[in-house]
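Each reported figure results from applying straightforward, stated rules to the coordinates on display, with no laboratory input. In this text, all values refer to a predicted model and were calculated from it rather than measured experimentally. When we count neighbours, we look across all protein chains shown, and the Cβ atoms used for this are built from the backbone with ideal geometry, even at glycine.
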C-alpha cells in the first residue's frame, strides 16, 4: 500500500459517492466518465479495497467505501474551514463537534441538549448525524463521532468499548391541538382512555415508559398511528388527529413551534438521556459543556 494519498483521486471518489453515479458526478465535475472511473480504480489500488459495487444503474458503497467516504467528508470539510479561516478570520480556529443522534431520540430534546455548545466562547461547527444506535456506536468507536445522544445506554453486548454518561431524566407532558386538548384536559389522565393517540414507535424508551404508565393507571388509548419519525408525529398532532407525549424538558418548544395546548403532566413517566462517548473521562469542550449544564 502506498504511503501517501492522492487527494485528487479522493475528491473524485467523494463526488461519485455523493451523487450515486458516475454520470451525475461527471456532469457536475465537467469531466468524462472514463476519467473518473480510472482515477477511482487508482484509489482502490492504493487502498487495496473495492470502494463501490454495482447496484442497478448506480454505484453502491462497499463497507470500505463507507469508511473512506466518512473520512473524505471530514477532510474536505476541513479544507473549506481552512480557506474560511485564512480568508475571513485569520488566527481563529473553529472547534468541530461531531454528534450522533439516535433516530429514536426526540429532536426537540436534541436541540435543548446542544444549546450550551453554542454558548461556548469559541466558534463551534456542529455536525449532526442521525441513524440507528448500532451504526452510530460503530462510528463512535472509529472516532468519527465525538458523542452519541440516545434515550438508552449502550449495551455491553454490542462488543464496542464505549462509556455511558447519564444526562438526567425528564417527565412527560401530553399535548394536542386546541379542541382535543380542551376535551382531554378534563379528568386527566382517565380522559386518555380510548382517546386518539399518536405514539412513538415501540422500540423507543419513551414508548416503553408510556406503556408502563398507561398500565398502572388502567388507561388504554386508541392508537391511531405510531412513528419512528417524531417530527411527522408532531405534524399530524397539529392537524388534530390525536394527542402526543413529549419529554417535559421541551415544553416551551412544543408550544412555541407547533402551537400545541397542554393536556397534563406525568412526572412519574420518566425517560432518560445519555451522552455516549469513546472515552471514560470526557475531554471535548463541547461534550463537557453539555454534561455540566444538564447535571447542574
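The table that follows gives values for the structure above.
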| read-out | value |
| --- | --- |
| Residue-span extension gain [residue 288 to residue 169] - 0.36 nm each, minus C-alpha spacing | 41.0 nm |
| Peptide ranges 206-212, 43-49 listed from the most packed, as the mean C-beta count within 10 angstrom indicates | 206-212, 43-49 |
| Exposure proxy ranking, count of Cβ atoms within 10 Å, fewest first, for 52, 174 | 52, 174 |
| Residue-averaged 222 nm ellipticity for the chain, from DSSP H runs of 4+ at -39500 (n - 2.57), nearest 500 | -13500 deg cm²/dmol |
| Förster-model FRET efficiency, 22 Å R0, residue 212 and residue 185, C-beta, rounded to 0.05 | 0.45 |
| Which labelled figure in (i) 58, 54, 35; (ii) 57, 47, 34; (iii) 71, 45, 42 is Cα extents along the principal axes in Å, once derived from the coordinates | (iii) |
| Cα gyration tensor shape for the range 169-270, rounded if a/c is under 1.5, else prolate or oblate | rounded |
| Simple label model, 7 Å out from Cα along Cβ direction - residue 193 to residue 37, nm | 6.9 |
| By average C-beta atoms within 10 angstrom, highest first, the peptides 129-138, 250-259 | 129-138, 250-259 |
| FRET efficiency for residue 96 and residue 238, using Cβ-Cβ distance with R0 set to 35 Å, rounded to 0.05 | 0.50 |
